[in-house]
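Just below is one structure, and these are the notes that go with it.
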Amino acid sequence: MEEAGAAVIAAGEAELNLSRFSVSPETLESELEARGEERRGAREALLRLLLPHNRLVSLPRALGNGFPHLQLLDVSGNALTALGPELLALRGLRTLLAKNNRLGGPGALPKGLAQSPLCRSLQVLNLSGNCFQEVPASLLELRALQTLSLGGNQLQSIPAEIENLRSLECLYLGGNFIKEIPPELGNVSSLNYLVLCDNKIQSVPPQLSQLHSLRSLSLHNNLLTYLPREILNLIHLEELSLRGNPLVVRFVRDLTYDPPTLLELAARTIKIRNISYTPYDLPGNLLRYLSSASNCPNPKCGGVYFDCCVRQIKFVDFCGKYRLPLMHYLCSPECSSPCSSASHSSTSQSESDSEDEASVAAHRMQKVLLG
């Protein structure tokens, strides 16, 4: 037996390392059964089981009854196409590492995962380097999950139900084929690290500004041409990676503007003129509509908008060295038009305010990676 197969006891914690065990699956199964029997009469419970690079095509059956106290299981670098029902017997499992396998087809995860004790215990899940084309629905029910890694798969999208993972602190989805970031991701308020590099993402939703705990945002090697102005509201952001995006090398402007509806014009008038009303004066849908007003960021304007606004890209100074294109939303084309001295003054003031905001963000941020 190789030295790697020896049980390691350190600081009162038991670890069984069978990495690259170089035996047949049947021999490995027998070894695990024997170790499980040993542990039943031992004082130390086995907490960590390492089985990477063993050519496993399925989980060992011995997992189902020999390791009730296991907290970490590593089955990376095997040939697994499914994680079987043996996984559900590990009621206290906190960390599951199953990267670089062949998982991704129907039945890749055991039935009943969302209803099992793992839903309450599993905190770290690494499924990177597999073949998933979509995030399995059962993963979105693991409410205790703190780290989820699905990098290097074949994901086409991020489901809106990602917002169910309210304990998530680290989300790694780099190296996929994702085109859009769902606004619902902004509801995962506990996120500290978000990795979306090496995808096909074209825009960042302003709702990501709700991730007030976010410290690192990796967006390099995508198709971004601008950033939302709200990105400056990420008050704890320390690292922003943007290299390999079109926004680094060219300026993009979008001034398309559809005229507001009569409903919006009336609502704008009520807001701008401060016309008083009470909850008893209007139907509930109109009250909700009026409460959804957004203030025009131009300080000389004082206007508001609802569904209709001008989307405009502006460069702002960042870190005293870079000029990043940020998305602005203005209430009308006149707000940004240079035709009159008043509007030109408004635009200049608006740009100045944006640059001030950027300088504050630059003071917070330690790394802006553009190249």
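The values are calculated or read from the model by the stated rules, or taken from the named source; none is laboratory data. In this text the structure is predicted, and so the values were computed from the model without any measurement. For neighbour counting, all protein chains shown are included, and Cβ atoms are generated from backbone atoms with ideal geometry for every residue, glycine included. Remember, those area values only see protein heavy atoms, side chains included, never the ligands or the DNA or RNA. Shrake-Rupley method; radii C 1.70, N 1.55, O 1.52, S 1.80 Å.
Residue by residue through segment 228-269, note down the ones that are more than 30 Å from Asn187 (Cβ to Cβ), of a type in the set (Val, Ile, Thr) and at pLDDT 85 or above.
Thr269
Among Ser149, Ser157, which is closer than 21 Å to Ala108 by Cα, within 12 Å of the chain's Cα centre (by Cα) and either open to solvent by 30 Å² or more (accessible area, probe 1.4 Å) or at pLDDT below 95 (or both)? Even if it seems obvious, please write down each step before you answer.
Numbers: Ser149 fails: either open to solvent by 30 Å² or more (accessible area, probe 1.4 Å) or at pLDDT below 95 (or both).
Of Ser149, Ser157, the one residue that is closer than 21 Å to Ala108 by Cα, within 12 Å of the chain's Cα centre (by Cα) and either open to solvent by 30 Å² or more (accessible area, probe 1.4 Å) or at pLDDT below 95 (or both) is Ser157.
Among (1) open to solvent by less than 50 Å² (accessible area, probe 1.4 Å); (2) at pLDDT below 85; (3) farther than 24 Å from Leu194 by Cα, where does Leu290 come up short?
Single failed check for Leu290: (2).
Considering segment 129-168 alone, what residues qualify as being outside any loop (DSSP other than H, G, I, E, B) and of a type outside the set (Gly, Ala, Ser)?
Of the residues in segment 129-168, the ones outside any loop (DSSP other than H, G, I, E, B) are 137-141, 147-149, 160-164.
Passing the criteria: Leu139, Leu140, Glu141, Thr147, Leu148, Glu161, Ile162, Glu163, Asn164.
Only one of Leu32, Leu46, Leu109 is at pLDDT below 90, in contact with a helix residue (DSSP H, G or I) (Cβ under 6 Å, 6 or more places away or on another chain) and either crowded, with 19+ Cβ neighbours inside 10 Å or among the polar types (S, T, N, Q) (or both). Can you tell me which? Full working, then the answer.
Numbers: Leu32 fails: in contact with a helix residue (DSSP H, G or I) (Cβ under 6 Å, 6 or more places away or on another chain); Leu109 fails: at pLDDT below 90.
Leu46 is the lone residue from the list that is at pLDDT below 90, in contact with a helix residue (DSSP H, G or I) (Cβ under 6 Å, 6 or more places away or on another chain) and either crowded, with 19+ Cβ neighbours inside 10 Å or among the polar types (S, T, N, Q) (or both).
Being of a type in the set (A, V, I, L, M) and either part of a strand (DSSP E or B) or touching a Ser or Thr at 6+ places or on another chain (Cβ under 8 Å) (or both) is the filter here; which residues of segment 217-231 pass it? Quick ask: steps written out before the conclusion?
We begin by selecting, within segment 217-231, every residue of a type in the set (A, V, I, L, M); these are 217, 219, 223-224, 227, 231.
Leu217, Leu219, Leu224, Leu227, Ile231 - these are the residues of segment 217-231 that are of a type in the set (A, V, I, L, M) and either part of a strand (DSSP E or B) or touching a Ser or Thr at 6+ places or on another chain (Cβ under 8 Å) (or both).
Among Ala98, Ala79, Ala89, which is in contact with a Leu (Cβ under 9 Å, 6 or more places away or on another chain) and surrounded by fewer than 16 Cβ atoms within 10 Å (Cβ to Cβ)?
Working: Ala98 fails: surrounded by fewer than 16 Cβ atoms within 10 Å (Cβ to Cβ); Ala89 fails: surrounded by fewer than 16 Cβ atoms within 10 Å (Cβ to Cβ).
Just a single option satisfies the conditions, and that option is Ala79.
Check off (1) assigned to a strand (DSSP E or B); (2) under 23 Å from Leu208 (Cα atoms); (3) of a type in the set (A, V, I, L, M) for Leu96 and give me the number that stays unchecked.
Result: Leu96 passes all but (2).
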